[in-house]
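The values are calculated or read from the model by the stated rules, or taken from the named source; none is laboratory data. Worth saying up front: this structure is predicted, and the values here are computed from it rather than measured. As a convention, Cβ positions derive from the backbone with ideal geometry for all residues, glycine included, and neighbour counts pool all protein chains shown.
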Amino acid sequence: MPPVERDSAWITPKTWNTGDLLTATDLNEQIKTNMNDLKAPPGGYYRMDDSADWTTTSTSFVDVDATDLSTTFDCSGAGDLYVFFIGTVSGGTRIYFDVALDGTRQGLDDGIFGMETSANGRPASFFYKIPTPSAGSHTVKLQWKIASGTGTLYAGAGTASYDVHGMFEVREIG
C-alpha cells in the first residue's frame, strides 16, 4: 500500500507578538503548509482490486498480505493512528483481525475484531485507534487468523457473487 503523497510536513505554529511583521513567507509557512498537512495526513490507503482472493488456515495471527495490506510512512509523533478496514469474508467458523504496528500486534489474545463466519460472504469492518506513536517511520499491517477451516477475504478478484472491493486505510490524525 503506497503512502499518501504529501508536499509538506506539520510545522509548529509561531507565537506571534504585538508588532511582529507579517510576511508572505510567514503566511505560507504558518498557514498554507499546515493546512496542506491536515489535508493529506501521513498514512496509506489500499482499495482491494486484486487478481485472487486471500485465504488463511492459520490459527495464529499472520499478515493478510505483506505487500498490499501493509503501509510504511513517516509519523510526526503528534497524533494518533486511525486504522479503518472493511471487507467481505467467508469460511471457517470464526475469523479474527488485528493490526501490527512495527511487528507488534495491537489487540489482545484474539485481536481487535472477531466474527462468526459461514460459507456465505459476510461484511466485516472495524475502526481502531493506536495511541500516538513516536516520530519516525512506522509500518502497519493487517493480520488475521481463523478458528478452524479456511477463511477467505474477498479482494475484488471477480469471484461470482463476491466481487467486492474492500479497503484498508491508516492515517495519523492529531
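Results for (1) assigned to a loop (DSSP other than H, G, I, E, B); (2) more than 16 Å from the chain's Cα centre (by Cα), shown as yes or no for each residue.
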| residue | (1), (2) |
| --- | --- |
| Ala100 | no, no |
| Phe127 | no, no |
| His138 | no, no |
| Lys145 | no, yes |
| Gly149 | yes, yes |
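Test His165 against the stated conditions and say whether it is surrounded by 15 or more Cβ atoms within 10 Å (Cβ to Cβ) and touching a Cys at 6+ places or on another chain (Cβ under 7 Å). I'd like the intermediate steps shown before the answer.
Working: surrounded by 15 or more Cβ atoms within 10 Å (Cβ to Cβ): yes; touching a Cys at 6+ places or on another chain (Cβ under 7 Å): no.
It is false that His165 is surrounded by 15 or more Cβ atoms within 10 Å (Cβ to Cβ) and touching a Cys at 6+ places or on another chain (Cβ under 7 Å).
For region 135-151, name all the residues that are of a type in the set (Val, Ile, Thr) and buried (at least 21 other Cβ atoms within 10 Å of the Cβ). Full working, then the answer.
At the first step, the residues of region 135-151 found to be of a type in the set (Val, Ile, Thr) are 139-140, 146, 150.
Of everything in region 135-151, those that are of a type in the set (Val, Ile, Thr) and buried (at least 21 other Cβ atoms within 10 Å of the Cβ) turn out to be Val140, Ile146.
Across region 44-77, which residue is surrounded by the fewest Cβ atoms within 10 Å (Cβ to Cβ) among those that are out of contact with any strand residue (DSSP E or B) (no Cβ under 8 Å at 6 or more places or on another chain) and closer than 23 Å to Arg171 by Cα?
Keep residues of region 44-77 that are out of contact with any strand residue (DSSP E or B) (no Cβ under 8 Å at 6 or more places or on another chain), which gives 49-52, 67.
From the residues that got through so far, the ones that are closer than 23 Å to Arg171 by Cα too are 49-50, 67.
Working: Asp49: 13, Asp50: 17, Thr67: 9.
Filtering first and then ranking leaves Thr67.
Somewhere in region 26-37, is a residue under 16 Å from the mean Cα position of the chain (by Cα) and modelled with pLDDT under 70?
The initial filter retains those residues of region 26-37 that are under 16 Å from the mean Cα position of the chain (by Cα), namely none.
No, there is no match, as no residue in region 26-37 is under 16 Å from the mean Cα position of the chain (by Cα) and modelled with pLDDT under 70.
So that you can scan it fast, the table gives a plain yes or no per residue for (1) over 17 Å from Asp68 (Cβ atoms); (2) more than 11 Å from the chain's Cα centre (by Cα); (3) part of a loop (DSSP other than H, G, I, E, B):
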residue	(1), (2), (3)
Val83	no, no, no
Ser118	yes, yes, yes
Pro123	yes, yes, no
Ala155	no, yes, yes
Glu169	no, no, no
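Kindly indicate whether any position in region 97-104 is without any contact (Cβ under 8 Å) to a residue 40 or more places away in the chain, surrounded by 14 or more Cβ atoms within 10 Å (Cβ to Cβ) and touching a strand residue (DSSP E or B) at 6+ places or on another chain (Cβ under 8 Å).
Of all residues in region 97-104, those without any contact (Cβ under 8 Å) to a residue 40 or more places away in the chain come to 101-104.
With surrounded by 14 or more Cβ atoms within 10 Å (Cβ to Cβ) added as a condition, the list becomes 101.
Add one more test, that the residue is touching a strand residue (DSSP E or B) at 6+ places or on another chain (Cβ under 8 Å), and what stays is 101.
Looking through region 97-104, at least one residue is without any contact (Cβ under 8 Å) to a residue 40 or more places away in the chain, surrounded by 14 or more Cβ atoms within 10 Å (Cβ to Cβ) and touching a strand residue (DSSP E or B) at 6+ places or on another chain (Cβ under 8 Å).
Is it the case, given these coordinates, that Gly19 is modelled with pLDDT of 75 or more, among the small types (Gly, Ala, Ser) and assigned to a loop (DSSP other than H, G, I, E, B)? Full working, then the answer.
Details: modelled with pLDDT of 75 or more: yes; among the small types (Gly, Ala, Ser): yes; assigned to a loop (DSSP other than H, G, I, E, B): yes.
So Gly19 fits the description; yes.
Go through region 115-134 and count every residue that is among the charged types (D, E, K, R) and closer than 29 Å to Thr150 by Cβ. Spell out the reasoning first.
Taking region 115-134 first, the residues among the charged types (D, E, K, R) are 116, 122, 129.
This time we only want the ones that are closer than 29 Å to Thr150 by Cβ, so: 116, 122.
Residues flagged as among the charged types (D, E, K, R) and closer than 29 Å to Thr150 by Cβ within region 115-134 amount to 2.
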